[in-house]
1. On the protein heavy atoms, probe 1.4 angstrom, tell me the percent of accessible surface of region 1-68 carried by carbon and sulfur.
2. Can you give me the Cα centroid spacing of region 67-123 and region 1-61 in angstrom?
3. Using the per-residue mean of other Cβ atoms lying within 10 Å as a proxy for protection, in what order, highest first, do the peptides 71-77, 104-110, 117-123 fall?
4. For region 1-60, which trypsin sites (Lys or Arg not before Pro) pass both filters: DSSP loop (anything but H, G, I, E, B) and at most 14 other C-beta atoms within 10 Å?
5. Can you give me the accessible area per residue for the chain, using a 1.4 Å probe, in Å²?
Amino acid sequence: QVQLVESGGGLVQPGGSLRLSCAASGSIFTINAMGWYRQAPGKQRELVARVTSGGSTNYADSVRGRFTISRDNAKNTMYLQMNSLKPEDTAVYYCNAQIGSWHYAEVKEFDYWGQGTQVTVSS
């Protein structure tokens, strides 16, 4: 009953900016850690940025200083602000979240993935 939906992808010129959003909906009790992953053609999916429920963040070395991850718990939404974009940032970006959801009489944590949004950096 939980869904993650990404938005905000598109075509942007090198040096430009883009903001991705991930909205969670459904039977949500808590949203624990959340993160953004990306997968470029011919490459494995890799972690871009992650934020825990306590607010701790970590970034891939390739994006540190350029990207900022944040979350709005009231809206069950996570964001990725991407600045100074480079052609090598081109990939499908996926939202991931560990969500506590009701499973019969108790809350259990499940891992969810969005379907991805395409980001293309090209002139």
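The values are calculated or read from the model by the stated rules, or taken from the named source; none is laboratory data. Quick caveat: nothing in here was measured; it's all calculated off a predicted structure. Reconstructed Cβ throughout: ideal geometry from the backbone, glycine too, with neighbour counts over all protein chains shown. Protein only, heavy atoms only, side chains kept; ligands, DNA and RNA dropped before computing areas. Shrake-Rupley method; radii C 1.70, N 1.55, O 1.52, S 1.80 Å.
1. The C+S portion of the solvent-accessible surface of region 1-68 is 45 percent.
2. Between the Cα centres of region 67-123 and region 1-61 lies a distance of 2 Å.
3. 117-123, 71-77, 104-110
4. LYS43
5. Values: 6750 Å² over 123 residues.
Value for the chain: 55 Å² per residue.
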